[in-house]
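A.B. asks: Quick one: the structure is below, and I'll ask about it shortly.
Rule-based calculations on the coordinates, nothing more; no lab input. This is a predicted model, so every value here is computed, not measured. Quick reminder, even Gly has a Cβ in these numbers, built from the backbone with ideal geometry, and neighbours come from all protein chains shown.
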Amino acid sequence: MQPDYPSQPQQPVDNNMTMSIVAIILFWPLAIPAIINASKVNTLLEQGDYAGAQVASAESKKWSKWALIVGIAWIAIVLVCCVGGSLIGAMSNNSASGY
């Protein structure tokens, strides 16, 4: 007979739902898997599947980060193109109007 040892309390697992929601605003195609995995975390914890919850949390975090990176890069590219295009247009307009 083995002695009863007190079980170690499991550390809480972050479901990363907030980051997933922010990611869906920036780049939704990559944020969908993040939200799906984030929604699995609490269910897996309730079922006692701590390892599965950790995996789902890690997947959610991975997809959220990729969505944030791509979304922020896309916004930066658009801003550079808009500002650059405006500056080029302003310069060509000034040089064309000078007599």
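A.B. asks: Any idea what angle helix 50-97 forms with the longest principal axis of the chain, computed on alpha-carbon atoms, 0 to 90 degrees, nearest 10?
C.D. replies: Once rounded, one gets 10 degrees.
A.B. asks: Which value in nm describes the separation of the simple spin-label points at Thr43 and Lys62, placed 7 Å from the Cα toward the beta carbon?
C.D. replies: 2.0 nm
A.B. asks: List the relative contact order of segment 17-97 as a percent without decimals, with contacts defined as Cα pairs under 8 Å and 6+ residues apart. Before the final figure, lay out each step's value.
C.D. replies: Numbers: 71 pairs, mean separation 26.8, N = 81.
Averaging sequence separation for qualifying contacts and normalising by length gives 33 percent for segment 17-97.
A.B. asks: Taking 0.36 nm per residue of separation and subtracting the Cα-Cα distance, what length does fully extending Ile32 through Gln10 add?
C.D. replies: In short, 5.1 nm is gained.
A.B. asks: Another question about this same structure. Using only the alpha-carbon atoms of segment 36-86, report the extent along each of the three principal axes, biggest first, to the nearest angstrom.
C.D. replies: Result for segment 36-86: principal-axis Cα extents of 57, 13, 8 Å.
A.B. asks: Per residue of segment 38-43, what does 6.51 cos²θ - 1.76 cosθ + 1.60 with θ = phi - 60° give for ³J(HN,Hα)? Whole Hz please, x for Gly and Pro, Karplus curve as stated.
C.D. replies: Using θ = phi - 60°, the values come out as 5, 6, 7, 4, 5, 5 Hz.
A.B. asks: Just the Kirkwood number for the chain, please: inverse of mean 1/r across all distinct Cα pairs, in Å, one decimal.
C.D. replies: On the way: mean 1/r = 0.0603 Å⁻¹.
Computed over the chain, the radius equals 16.6 Å.
A.B. asks: Would you mind calculating the gained length between Thr18 and Val55 on full extension (0.36 nm times residue separation, minus the Cα-Cα distance), in nm to one decimal? Could the numbers behind the result be given before it?
C.D. replies: Details: separation 37, 0.36 × 37 = 13.32 nm, distance 1.74 nm.
In short, 11.6 nm is gained.
A.B. asks: Rounded to the nearest 20 debye, what is the charge dipole size of the chain about its Cα centre when +1 sits on each Lys and Arg Cβ and -1 on each Asp and Glu Cβ?
C.D. replies: 400 debye
A.B. asks: For the chain, modelled as a GNM with alpha-carbon contacts under 10 angstrom, which of Ile88, Ile21, Ile72 fluctuates the most?
C.D. replies: Ile88
A.B. asks: Between Gly71, Gly89, Gly48, find the one with the highest GNM mean-square fluctuation for the chain; connect C-alpha pairs within less than 10 Å.
C.D. replies: Ranking Gly71, Gly89, Gly48 by mean-square fluctuation puts Gly89 first.
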